[in-house]
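The values are calculated or read from the model by the stated rules, or taken from the named source; none is laboratory data. From a predicted model like this one, the values you see are computed outputs, not experimental measurements. With ideal geometry, Cβ positions are generated from the backbone for all residues, glycine too; neighbour counts draw on all protein chains shown.
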Amino acid sequence: MDDIDGLPKVLLMGLKKSGKTSIQKVVFDNLPPHDSINLKTTVQPEKTTVKSNEFVKFEVWDFPGQSDPLGGSGAAGASGGNRSTIAANILENCGAIVFVMDCTDNLEDATKRLIETVCAAHAVNPDLCVEVFLHKVDALNEVQQNDHLLQVRRSVEDVVKGRIDGKRQLRLSFNLTSIYDHSVFQAFSVVVQKLIRTQLPYVLELLGMLNGNSQLDLTYLFLSRSKIFIGEVERNRTRTRTYDLCSDAIDVMMRVEGIYGGHLFAKKNLPQIKNSQQEGDASSAVGAHLASSVFHLSSDDVIYVRELPNELTVVMMLRDDAFQNKALIDFNVNVFSNAVSEVFQAGSSNSR
Ligand SMILES: Nc1nc2c(ncn2[C@@H]2O[C@H](COP(=O)(O)OP(=O)(O)OP(=O)(O)O)[C@@H](O)[C@H]2O)c(=O)[nH]1
Ligand SMILES: [Mg+2]
């Protein structure tokens, strides 16, 4: 992932007005969701480069919904052979396709486009993942959401399995999403995790060690200043909606830092944390130029957020009594941070 020219691509596809540009802007440009009503229709593919840190970099390609880039109309007038060349070009270096379907609209046309997209993608690269976002679910109740999910999944899988080489497993996942809550960030996190497939098992292993050795109930590793997480492990899940709580905790920490510690947003060449003494105790570690915050919840839970070098942030949820061992937790976080950097560095030097 280190070569800027060869960055993996995430392709946003789907019918017009399904919400592709809104998703891209809300997730990566901090667009307030309500402002998405003013977005103009996309007329040509738009590329955004996302450089979360030294190791997690990719391009998001937002395609206009009015034509099908992989099917007939995107390659207007193209013969079958040309069409497959166009599809191969579009899908070159593609890490994942995000196919967006508007749940509030008639799903039949969208399902047809999805089937064409999955078949075209499978013909070029059978290992390519297609992540379907059943989008705008804020307009539906839970029963309707599940009905839509079942209906689309069944019709796509039945048709596609009949059309493709049955020996290869179909890489198709479904997510219920809305820009008005955390669901779209969680779903996009899964997409980003697909782009770091080689390093992910090692990162999860390290997160598991941090979690277990520090008596944590739950640990997330986020890309800093985003709501995208690249790993999660749990020992005890004491609450539901933990993702919402943890990503909101980062948000609060960053906003407070924005007001009281502007250096956070201008920092460059951050030092590696070597030991816990460099960290401040509560809301900000000014000396290390890395933020940290502690949130005591009304239950006996604590959320401990620590920004790490390389634009990563670890969020830990634990019981109040386990937090008495903060020095041990800090030590383990520092060891974790250095080990994760090594995993990514090894990954990027292998891919060169
Ligand atoms: N209720 C609801 N509306 C949404 C959501 N996401 C997007 N929208 C609305 O859907 C409309 C279309 O959004 P766009 O992002 O422009 O759709 P698009 O897929 O990029 O459309 P094209 O560029 O024409 O292909 C806008 O009015 C958005 O406000 C959502 O999660 N919930
Ligand atoms: Mg658009």
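Here are the numbers for this structure:
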| quantity | calculated |
| --- | --- |
| Top-ranked residue of region 20-46 - restricted to ones that are within 17 Å of the chain's Cα centre (by Cα) and among the charged types (D, E, K, R), ranked as nearest to ligand 1 (Cβ to nearest atom) | Lys20 |
| Residue within region 243-250 that is among the hydrophobic types (A, V, I, L, M, F, W, C) and more than 16 Å from the chain's Cα centre (by Cα) present | yes |
| Matching entry among Val130, Val143 (being in contact (Cβ under 8 Å) with a residue 24 or more places away in the chain, in the same structural domain as Ser84 (by TED's automatic domain parsing) and among the β-branched types (Val, Ile, Thr)) | Val130 |
| Those residues of region 26-58 which are part of a helix (DSSP H, G or I) and closer than 27 Å to Ala88 by Cα, in sequence order | Phe28 |
| Qualifying residue in region 160-181 (condition: outside any helix (DSSP H, G or I), of a type in the set (Val, Ile, Thr) and at pLDDT below 95) | yes |
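Residue by residue, here is whether (1) within 20 Å of Val191 (Cα to Cα); (2) modelled with pLDDT under 90; (3) among the polar types (S, T, N, Q) holds:
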{"site": "Ser18", "(1), (2), (3)": "yes, no, yes"}
{"site": "Asp35", "(1), (2), (3)": "no, no, no"}
{"site": "Pro45", "(1), (2), (3)": "yes, no, no"}
{"site": "Val50", "(1), (2), (3)": "yes, no, no"}
{"site": "Glu59", "(1), (2), (3)": "yes, no, no"}
{"site": "Gly72", "(1), (2), (3)": "no, yes, no"}
{"site": "Gly80", "(1), (2), (3)": "no, yes, no"}
{"site": "Ile86", "(1), (2), (3)": "no, yes, no"}
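Conditions (1) in a loop (DSSP other than H, G, I, E, B); (2) at pLDDT 95 or above; (3) under 30 Å from Arg197 (Cβ atoms), marked per residue:
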| site | (1), (2), (3) |
| --- | --- |
| Val256 | no, no, no |
| Leu264 | no, no, no |
| Asn269 | yes, no, yes |
| Ile273 | yes, no, yes |
| Ser298 | yes, no, no |
| Asn310 | yes, no, yes |
| Val315 | no, yes, yes |
| Ala346 | no, no, yes |
